[in-house]
1. If a residue has to be among the small types (Gly, Ala, Ser), within 22 Å of TRP276 (Cα to Cα) and part of a helix (DSSP H, G or I) to count, how many in the stretch 334-373 make the cut?
2. Starting from the stretch 269-290, keep only residues that are among the basic types (Lys, Arg), then list their pairs with residues that are in a loop (DSSP other than H, G, I, E, B) and open to solvent by 10 Å² or more (accessible area, probe 1.4 Å) whose Cβ atoms are within a distance under 7 Å, requiring at least 6 positions of separation or different chains.
3. Give the number of residues within the stretch 17-34 that are in a helix (DSSP H, G or I) and either closer than 17 Å to ASP83 by Cβ or free of Cβ contacts under 8 Å to residues at least 60 places away in the same chain (or both).
4. Test ILE229 against the criterion of being surrounded by 15 or more Cβ atoms within 10 Å (Cβ to Cβ), in contact with a Gly (Cβ under 9 Å, 6 or more places away or on another chain) and in a loop (DSSP other than H, G, I, E, B), and give yes or no.
5. Say we look at the stretch 22-45 and pick out the residues that are within 14 Å of ILE11 (Cα to Cα) and within 32 Å of the chain's Cα centre (by Cα); which of these is surrounded by the fewest Cβ atoms within 10 Å (Cβ to Cβ)?
6. Pick out the one residue from SER154, SER208 that is modelled with pLDDT of 95 or more and within 25 Å of the chain's Cα centre (by Cα).
7. Among the residues of the stretch 182-194, is any surrounded by fewer than 21 Cβ atoms within 10 Å (Cβ to Cβ) and part of a helix (DSSP H, G or I)?
8. Which count do you get for residues in the stretch 422-441 that are open to solvent by 30 Å² or more (accessible area, probe 1.4 Å) and touching a residue at least 60 places away in the same chain (Cβ under 8 Å)?
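The values are calculated or read from the model by the stated rules, or taken from the named source; none is laboratory data. Worth saying up front: this structure is predicted, and the values here are computed from it rather than measured. Using ideal geometry, Cβ is built from the backbone for each residue, glycine included, and neighbour counts are taken over all protein chains shown. Surface areas here come from the heavy atoms of the whole protein model, side chains and all, with no ligands, DNA or RNA. Shrake-Rupley method; radii C 1.70, N 1.55, O 1.52, S 1.80 Å.
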Amino acid sequence: MNKKKNQGHLIKEVYPDSIAEEMEIEAGDLLLAVNNEEIEDVFDYRYLIKDEFIEVLIKKQGGEEWLLEIEKDYDDDLGIEFDNSLMSDYRSCSNKCMFCFIDQMPPGMRETLYFKDDDSRLSFLQGNYITLTNMKQKDVDRIIRLHLAPINISVQTTNPELRSKMLHNRFAGDKLKYLDELYAGRIEMNGQIVLCKNINDGVELERSIEDLSKYLPFMRSVSVVPAGITKYREGLQPLELYSRQEAGAIIDMIESRQRGFYEKYGLHFIHASDEWYINAERDFPEEERYDGYIQLENGVGMMRLFIDEFNEALEKIKKDIKRKKLKNNVSRTLTMATGKLTYPTLKSFAARIMEVFPGITINVCCIRNIFFGETITVSGLITGQDLIKQLQERRHNGEDLGDVLHIPSNMLRTGEKVFLDDVTVSDVEKELGMKVVAVESSGKDFIDAVICDDYSVDRNNENFAYIQAYKQKGAE
């Protein structure tokens, strides 16, 4: 074996009752090869272990090498978790995009926030968007050979010269050729266009939509999102915000093309992100136009889904109250913090809940983003320090905030109780003297958290809200 094979991949955990445990593989062992093939990363591993008979070479902690012959069902997993889930180093971005949010970050934050990923493997695993600029032909060939899909691509424009300028990478235009190869390989794709005023909009956007539509049906969707602009843009390309009228014009351009794509392919294909509709003060499209919410995590259709879920959940509660299945005499005061973008919607939702539950008082607070600048309006970029300061000011001005603070879960680092600026949930609770509840993004979760004492307990139970309401006040 060559040196790279001998290095192996460190096994972090072996799952109980798994094939690996049965073969006496242990945490701390190294995986050297499968079927005498070098493992470059997690995709090689997954591809090679699919077969019903495989040979796995393991290096034990004492240095002994075991060649294990394993018979299993096709696609059965071995039950191994590796120290590095990708099984290789992450690929960073080599571009200097004029709209890059990371380049607009203030100094002094934790190091991981400055890492720019541009890894096709993360596109497949986590839905990240990639620019294709750090990919080589062998990477594209492997995506097609292993049929890794979907691949999410940050296109920006199909004008090669303009793309090179926007990404500040002279190879960026040439890399658009990979779209042709992925299409020929029948690889499912999703595209994204980050729109910069007077740069890639107008006729350039029309061109991009037309060019990308040639990759239907394998390119299933393209989202158009406005560039995020913070106050930290010194030395960067000047960018402007879109006005209400300009946002409306973007929507009109996109919607004028959706019907034709749908009639031909059964997909609306091109979508405006929620921010355009909010900025233009227009209603969100109906659910059917989002094609199953293909780009939900990219801010396309999140508000429509949230509104529909809320309406459905509230109507069910109203019917159950009418049928005397549920009491509406819950009494509590709480505060709900959100960003400017979703504030009007949450304010109206709170009012409707308070109509159904007269004993509940909900203070919906719009938190201004002082940290990044007030041009940033999404709740997911609100920092702990802005939250603390502005709620303290409200309390100082005599507002009754109650003893519970609801925040959307996207304010916190995934899986942790930490805000973007490293302020913790405990810090906020201590400074404000309030219990902080992180609420998931569904409309039902929004209601459950309001009417239940302990939203975090068994919240996935379909009848959770009712169980908790009964617990509080008792059923008739």
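1. The qualifying residues number 1.
2. Close Cβ pairs (under 7 Å, with a partner that is in a loop (DSSP other than H, G, I, E, B) and open to solvent by 10 Å² or more (accessible area, probe 1.4 Å)) amount to ARG289/HIS268.
3. Here the count works out to 3.
4. Yes: the conditions hold for ILE229.
5. Result: ALA27.
6. The conditions single out SER208.
7. Checked the stretch 182-194: at least one residue is surrounded by fewer than 21 Cβ atoms within 10 Å (Cβ to Cβ) and part of a helix (DSSP H, G or I).
8. Result for the stretch 422-441: 2.
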